[in-house]
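**Student:** The structure follows.
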Amino acid sequence: MTGLKKIKNILLFFLVVAITLSAIYLKIQQDKKNKLNQNQPDITASQTDNTLAEIGGTGQIKKFSNYDEAKQFIDSQSLNTPNYSMVKGLGAIDMVRSTAPSASEGMGSAGVAPSAPVSDASSVSTDFSKTNVQVAGVDEADIVKTDGNYIYAVTYNTLFIIKAYPGETAEVVSKVEFKSRPTDLYVNGNNLVVFGYDDQLYATELYRSFRRQNQYTFFKVFDISDKKDPKQVRDLNFEGSYFNSRLIGDYVYFVTNNYNYSIGPEPVVPRILDTGVALPEKCAGANTKCFSPNIYYFDIPYDSYNFTTIAAINIKDNSEKIGGDIYLLSGAQNMYVSPNNLYVTYTKYISEYDLEMQVSREILTPRLSDKERTKIAKIEEVADDILSPSEKKVKVQQILERYLATLSADEQTAYEKELAEKMKQKYTDLSKELEKTIIHKIAISGSSLQYKSSGEVTGSVLNQFAMDENNGYFRIATTRNTTWSRFEGQERASYNNLYVLDDAMKMVGTLENLAEGERIYSVRFMGDRAYLVTFKQVDPLFAIDLNDPRNPKVLGQLKVPGFSNYLHPYDENTLIGFGKDTGENEFGNTVTKGLKISLFDVSDISAPKELDKYLLGDMGSDSVALYDHKAFLFSKEKDLLVLPVALRKSTSQNQWGEISFSGAMVFNLKDKKINYIGKIDHSDGGRVSRADYWEGINYYDSSVKRSLYIANNLYTLSNNYLKINTISDLKEINKIDLSPQSANDFKVIN
């Protein structure tokens, strides 16, 4: 045998071995995948055709039996998007929020001489406002809280505890300085929770030891039984960015997200640090210092991995184990919480291009040669960690395109005609599927979470107020946004919908195609009614009857200039709307003008009417209450409405002018009339203040962020002051300076 022939035989031998090993490897990967998916109960199933399931998955939920399976699943997938979870050695990228200015180091109490715990039971008012929440009994985090005696407020990196009642003698009794800026707080009896983005952990040796260097959210619990000397009793850090939370009873349900997740040698469960120590994933014996959640995933094409962690934390009993579960989603959008259930939603999209590729494949694959069909089968069999799903689609499409290139001009024209006809049919059948909101329902009770079911509806959801639970039914309002199809050659206008789902999240009632060409600006559910505001040129207020959940009906609508960004119940037959006024410019186009308050009478649901309105400022005027309902203060008992505003005065029509006022405006709503009382200014007569970009909103230190009342006093909060005025005539009775001080009037608590 010649040397050349020997070499050829050796190469042939190694080629056969390589092919054999490759086949064995692929078989192992497929067996692993089959084993991973077998015996998993389908909690919900989507009834869609094969085309839709091929593109978007079935949506069925499955639970990993252990963390090794979760690792295996993620390792077997190839992400189609860049990984920003910061591998060690690469620069840290903060994709969520900007880092706030750092305050003084350490945490501590004010420079107040030690004394016995404060007891002020004799000077506590039972008449005080609470955070403006959506659901009674479900508290929402905010930057300020009161118990009728004390006010707890965060500005920049400082938590102030203020003896607020009586207002004439109000004073700061203690303050706590944080190294990282707090986002929000809760108060429950003598327990106070403060949380926010931790921008200090990065500098620690512990953090540098992590290969997966994500951002962290701090969660601290203080014992405030002695208001002059608050004590930190719990110090947690959650791996991930803060998404949302609620307080029910003694439990905070705390939701964090990790996007573009990387595993490597790291634990699969996002870390929770307790006093700087990572909690183990396994709970041994009676050890409560652990976090061992279930991990759920779904039959969907994951473009990116969002680990949504829902943790249940008992803030009164620090010895109780943290409960919770983790859901592997492709994204999170909104959250609604009732006393018994938590709903997390996200919007999924299917592109027309993906649909076209799938239909093209359905048409052409039967016409391919056996050889080409075998190639496609082999491509599909390759493990996802070798070729990602998108890479497989590209390779299959290349085969189809090569086949098309062999056709004559007449054959290609015939193919294009057939594709267009089938696409039009598919697009008509599946137009509602191209943009859908997925809703996951999770039962909550104390530290226990139980996944119940999921549902899906056409369109996207605006915010938490577009969702509601009532008598076992879940109601949701959505907007199906504008689309354009090359096959239809025209634009499909937006439209709006309202859906009712039963306890198992099955759709039982539909109301679709409302206000074509418009989108939802605000929603309010009130018992057996729903009110929707859409907008394009005028403000249609739709009054919807939900008395029969299976047959929702529009019974009336009102069209007036402007639109309402927020709807608030005055009573069961009256709504307060707060938004913008509108008009026309010289070209006949609709333009947004100043702020607008409306009172709507819905006692006759078939004929709603505007009882009264009040316009504030000119074009460019704004209010944080348009975007954050917790800045909206209303009391029917006091006929009191308070709004933080920044008003502009225009010098010419349809142009923004200079800011003429920034502060709070106070109104009386007696006899269902909007009566202006006056203004409260925090700018010291127009003094320019430092800019403060916080939680996605541009403020100045003089911007009023919140207002509340205790008895007959009104309290307004900015970064500069807590001002106290009498409600009747807005006479200032006290003012507390909250601006950062240079003196270190606190002691460090280690």
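The values are calculated or read from the model by the stated rules, or taken from the named source; none is laboratory data. What you are looking at is a predicted structure, and each value in this text was computed from that prediction instead of being measured. Neighbour counts are summed over all protein chains in view; Cβ atoms, including those assigned to glycine, are modelled from backbone coordinates with ideal geometry.
**Student:** Quick check: anything in segment 311-331 closer than 30 Å to A414 by Cα, in a loop (DSSP other than H, G, I, E, B) and more than 20 Å from the chain's Cα centre (by Cα)? Explain how you work it out, then say what you get.
**Tutor:** Just the residues of segment 311-331 that are closer than 30 Å to A414 by Cα, to begin with: none.
Taking every residue of segment 311-331 in turn, none turns out to be closer than 30 Å to A414 by Cα, in a loop (DSSP other than H, G, I, E, B) and more than 20 Å from the chain's Cα centre (by Cα).
**Student:** List the strands (runs of 3 or more DSSP E) inside segment 477-582, counting only whole elements, that have at least 2 residues being modelled with pLDDT under 90, surrounded by 15 or more Cβ atoms within 10 Å (Cβ to Cβ) and over 27 Å from the mean Cα position of the chain (by Cα).
**Tutor:** The qualifying strands (runs of 3 or more DSSP E) are 553-561.
**Student:** Next question, about the same structure. Has segment 634-644 got any residue that is in the same structural domain as K670 (by TED's automatic domain parsing), basic (K, R) and modelled with pLDDT of 95 or more?
**Tutor:** yes
**Student:** What number of residues in segment 355-378 are out of contact with any Ser or Thr (no Cβ under 8 Å at 6 or more places or on another chain), closer than 22 Å to E418 by Cα and either of a type outside the set (D, E) or assigned to a loop (DSSP other than H, G, I, E, B) (or both)? Give the derivation first.
**Tutor:** Start the filter on segment 355-378 by keeping residues that are out of contact with any Ser or Thr (no Cβ under 8 Å at 6 or more places or on another chain), which leaves 356-357, 360-361, 363-372, 374-375, 377-378.
When the remaining residues are screened for being closer than 22 Å to E418 by Cα, the result is 356-357, 360-361, 363-369, 372.
Still in the list and also either of a type outside the set (D, E) or assigned to a loop (DSSP other than H, G, I, E, B) (or both): 357, 360-361, 363-369.
Matching residues across segment 355-378 total 10.
**Student:** For segment 124-134, does any single residue satisfy the condition of being more than 22 Å from the chain's Cα centre (by Cα), at pLDDT 95 or above and assigned to a strand (DSSP E or B)?
**Tutor:** Taking every residue of segment 124-134 in turn, at least one turns out to be more than 22 Å from the chain's Cα centre (by Cα), at pLDDT 95 or above and assigned to a strand (DSSP E or B).
**Student:** Only residues that are at pLDDT below 85 and either crowded, with 20+ Cβ neighbours inside 10 Å or not in a loop (DSSP other than H, G, I, E, B) (or both): list them for segment 660-699, please.
**Tutor:** Y693, W694, I697, N698, Y699 - these are the residues of segment 660-699 that are at pLDDT below 85 and either crowded, with 20+ Cβ neighbours inside 10 Å or not in a loop (DSSP other than H, G, I, E, B) (or both).
**Student:** I would also like to ask the following. For segment 232-243, what are the residues that are in a strand (DSSP E or B) and under 17 Å from D274 (Cβ atoms)?
**Tutor:** Those that are in a strand (DSSP E or B) and under 17 Å from D274 (Cβ atoms): Q232, V233, R234, D235, L236, N237, F238, E239.
**Student:** While we're here: Filter segment 714-735 down to residues that are in contact with a Lys or Arg (Cβ under 8 Å, 6 or more places away or on another chain) and assigned to a strand (DSSP E or B), then give me how many there are.
**Tutor:** 11
**Student:** Turning to a different aspect of this structure: Within segment 162-183, can one find any residue that is assigned to a strand (DSSP E or B) and among the aromatic types (F, W, Y)?
**Tutor:** Taking segment 162-183 as the starting set, the residues that turn out to be assigned to a strand (DSSP E or B) are 162-163, 171-177.
Pick out the ones that are also among the aromatic types (F, W, Y) and you get none.
Looking for residues that are assigned to a strand (DSSP E or B) and among the aromatic types (F, W, Y), one finds none in segment 162-183, hence no.
**Student:** Being in contact with an Asp or Glu (Cβ under 7 Å, 6 or more places away or on another chain), surrounded by 14 or more Cβ atoms within 10 Å (Cβ to Cβ) and over 30 Å from Q72 (Cα atoms): is that true of S338 here? Walk me through how you get there before you give the answer.
**Tutor:** Working: in contact with an Asp or Glu (Cβ under 7 Å, 6 or more places away or on another chain): yes; surrounded by 14 or more Cβ atoms within 10 Å (Cβ to Cβ): yes; over 30 Å from Q72 (Cα atoms): yes.
It is true that S338 is in contact with an Asp or Glu (Cβ under 7 Å, 6 or more places away or on another chain), surrounded by 14 or more Cβ atoms within 10 Å (Cβ to Cβ) and over 30 Å from Q72 (Cα atoms).
**Student:** Would you check if there is a residue in segment 293-309 being farther than 25 Å from Q72 by Cα, assigned by TED's automatic domain parsing to the domain that holds F238 and not aromatic (F, W, Y)?
**Tutor:** For segment 293-309, residues farther than 25 Å from Q72 by Cα, assigned by TED's automatic domain parsing to the domain that holds F238 and not aromatic (F, W, Y): absent.
**Student:** Tell me, which residue of segment 700-713 that is of a type outside the set (G, A, S) and assigned to a loop (DSSP other than H, G, I, E, B) is surrounded by the most Cβ atoms within 10 Å (Cβ to Cβ)?
**Tutor:** For segment 700-713, the residue satisfying everything is V704.
**Student:** Do we have any residue at all in segment 341-349 that's at pLDDT below 95, surrounded by fewer than 20 Cβ atoms within 10 Å (Cβ to Cβ) and out of contact with any Ser or Thr (no Cβ under 8 Å at 6 or more places or on another chain)?
**Tutor:** Looking through segment 341-349, at least one residue is at pLDDT below 95, surrounded by fewer than 20 Cβ atoms within 10 Å (Cβ to Cβ) and out of contact with any Ser or Thr (no Cβ under 8 Å at 6 or more places or on another chain).
**Student:** Does Q450 satisfy the condition of being without any contact (Cβ under 8 Å) to a residue 12 or more places away in the chain and either not assigned by TED's automatic domain parsing to the domain that holds G249 or not β-branched (V, I, T) (or both)? Let's see the steps before the verdict.
**Tutor:** Working: without any contact (Cβ under 8 Å) to a residue 12 or more places away in the chain: yes; either not assigned by TED's automatic domain parsing to the domain that holds G249 or not β-branched (V, I, T) (or both): yes.
Judged against the criteria, Q450 is a match.
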